[in-house]
1. Determine which lysines satisfy two conditions relative to residue 299: a Cα distance under 27 Å, and not lying fewer than 8 residues away in the same chain.
2. Would you compute, from DSSP H runs of 4+ residues alone, the mean residue ellipticity of the chain at 222 nm, taking -39500 (n - 2.57) per run and dividing by the full residue count, rounded to the nearest 500?
3. Could you give me the ³J(HN,Hα) list for the stretch 220-227, computed from phi with Karplus coefficients 6.51, -1.76, 1.60 and θ = phi - 60°, whole Hz, x at Gly and Pro?
4. Would you mind getting the accessible area per residue of the stretch 107-192, heavy atoms of the protein chains only, 1.4 Å probe, in Å²?
5. Starting at the first residue of the stretch 30-46, write each ³J(HN,Hα) from the Karplus equation 6.51 cos²θ - 1.76 cosθ + 1.60 with θ = phi - 60°, in whole Hz, x for Gly and Pro.
6. At what distance in nm do the modelled label points of residue 199 and residue 337 sit from each other, each positioned 7 Å from its Cα along Cα→Cβ?
7. List the aspartates and glutamates whose Cα lies under 15 Å from the Cα of residue 194, skipping any in the same chain that are fewer than 8 positions away.
8. Could you list which residues have their amide H under 5 Å from that of residue 106, counting only those 5 or more apart in sequence or on another chain, with H placed in the peptide plane?
Amino acid sequence: MNQKTTSIPARIATLAVASALTLGSAQAGAVTIAYVSNADSQDIYVLQINADGRVNLVDKVDTGSTVMPLAVSPDRKYLYASLRGQPYSVVSYAIDQRSGKLTALSKAPLADNMANIATDKTGRYLFGASYTGHKISVNAIGADGAVQAPPLAVIATGKNAHSAQVSPDNAFLFASNLGSDVILQFRFDAATGKVAPNAPASVATKAGAGPRHFVFSNDSRFVYSTNELDGTVNTYGYDAKAGTLSLQATDSALPDGFKTSEQLATADLHLTPDGRYLYASERTSNTLSGYRVDAASGKLTRVLNIPTETQPRGFNIDPQGRFLLAVGQKAGLTSYAIDRDSGALKPLFRYTLGRNPNWVEIIDLP
């Protein structure tokens with residue numbers, strides 16, 4: 001491996017002490033904005049990412065409830081935030097196209113406590129996945145960007161639905177079921193929002209793996225999925241015509257030789273915009289793994305595993321592939337520079353955020 005694991009204290013020693021963010025105006029010029037939800041302080045931080053990897057706090061939005069999963073509309077004009085305190089709901093925000101600041105448009109009830117939300121490729125529908133409710137839902141989104149209620153559909157799944165998202169062509173919907181060790185496969189009608197089981201209706205993981213989050217490759221030939229409970233990442237072949245997955249390989253997301261009596265907790269994963277590198281977070285070892293992606297076969301080759309923020313539930317990559325921002329539920333945020341040639345991550349700056357930061361979305365404004 002090109003980048004070995006070191007102790008967390010040693011890594012932090014290479015950076016300045018974590019800085020507290022102070023509110024200020026967005027800087028002039030091209031704007032890259034990160035949104036970070038903080039569950040326990042019940043707010044969303046609006047951050048501008050600068051050319052050197054530093055971030056500025058542009059705004060802090062009080063949500064009034066436990067805020068966790070976020071989703072951005074395909075046109076980057078709206079942000080959706082799932083509130084996981086009762087009554088379960090979603091807040092629709094308009095994104096200011098100059099500063100990235102948020103203006104609340106509406107608050108609509110959701111069918112359950114949603115661990116994950118995502119829009120379809122047209123921005124007309126919002127999908128929710130309920131871990132505790134064992135279901136997924138489909139809500140319409142109005143022309144004004146606001147999520148509408150009641151839901152168009154509420155679909156019972158296997159145990160612990162954890163994420164739901166459409167294929168790149170918007171023709172199929174997939175939902176991971178962590179407790180049932182399957183990814184469900186559906187046909188999706190973008191004209192009506194209707195969802196129907198595909199054939200086959202699911203693809204299984206190894207027993208006890210616990211599929212969680214997944215992403216499609218840029219060429220729509222492969223899907224990569226984290227398995228929360230056994231510390232791995234699966235590679236699937238994707239048949240875009242049939243809308244079905246086939247398991248091809250499984251790779252570790254843990255440090256070499258890592259042993260623990262605690263439950264493993266692999267979490268998030270993201271591809272670089274050019275599709276050359278895939279990164280995944282694991283919360284028990286508090287690490288990030290990086291993999292080189294073979295464009296022809298989809299095969300992953302691990303190139304790094306490094307310590308990161310404590311309990312790294314969420315991270316993301318900016319649309320230009322320059323920086324990775326990772327947040328720890330028991331810590332703060334570290335910005336990393338991504339080496340485009342090797343995939344290596346160089347820690348740049350650390351920041352304290354709100355309490356329990358857990359989700360990151362990053363966009364470029366026009």
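The values are calculated or read from the model by the stated rules, or taken from the named source; none is laboratory data. Since the model is a prediction, treat every value here as computed from it, not as a measurement. Note: ideal-geometry Cβ built from the backbone for every residue, glycine included; neighbour counts use all protein chains shown. For accessibility, only protein heavy atoms count, side chains too; no ligands or nucleic acids. Shrake-Rupley method; radii C 1.70, N 1.55, O 1.52, S 1.80 Å.
1. The qualifying lysines are 4, 121, 206, 241, 259, 346.
2. -500 deg cm²/dmol
3. 6, 9, 9, 10, 10, 9, 7, 10
4. Result: 34 Å² per residue.
5. 4, 10, 10, 10, 10, 10, 10, 8, 10, 4, 7, 8, 6, 9, 10, 8, 9
6. 5.5 nm
7. Hits, sequence-local ones excluded: 120.
8. Those lying under 5 Å, H to H, from residue 106 are 92.
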